[in-house]
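The values are calculated or read from the model by the stated rules, or taken from the named source; none is laboratory data. It should be emphasised that the depicted structure is a prediction, and the values quoted were computed from it without experimental measurement. Note that we place each Cβ from the backbone using ideal geometry, even for glycine, and neighbour counts take in every protein chain shown.
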Amino acid sequence: MPAAVASRIVFAAEWEKEENIGGALIDGSDERRVAIATAFAGRDGVIVPVQRLDHGLSLDMLVREVALSINTAAAGGNASLMALAEA
């Protein structure tokens, strides 16, 4: 695992009490992975991907994607008007 990724991992013995979880890496059987994924699916909030450590990591699943959308129609469809509001 790349050091930049490893430095962002927090080991949570009581993960059920954690609120800000973006992904879960577990050690255990497929049954354990399914049980943990089911527990996360029952929570409100973001979808939490669950991976087993011993099956190889998909680093793509550890990336948090953020999208920004600007509604230019709110400025009458003229995008340059949006830039004036920031100045």
- Message: Looking only at the range 28-53, how many residues end up being in contact (Cβ under 8 Å) with a residue 12 or more places away in the chain, surrounded by 10 or more Cβ atoms within 10 Å (Cβ to Cβ), not in a loop (DSSP other than H, G, I, E, B) and not aliphatic (A, V, I, L, M)?
- Response: 4
- Task: Select from the range 60-73 the residues that are surrounded by fewer than 10 Cβ atoms within 10 Å (Cβ to Cβ) and outside any loop (DSSP other than H, G, I, E, B) and list them in ascending order.
- Result: D60, A73
- With respect to the numbered conditions (1) modelled with pLDDT of 80 or more; (2) outside any loop (DSSP other than H, G, I, E, B); (3) not aliphatic (A, V, I, L, M), which one is the sole condition not fulfilled by S80? (1)
- Query: Any idea how many residues of the range 2-27 are closer than 11 Å to L62 by Cα and in a strand (DSSP E or B)?
  - Reply: 2
- Considering the range 8-27, residues that are within 20 Å of E65 (Cβ to Cβ) and of a type in the set (G, A, S), and then whichever is surrounded by the fewest Cβ atoms within 10 Å (Cβ to Cβ), we arrive at G22
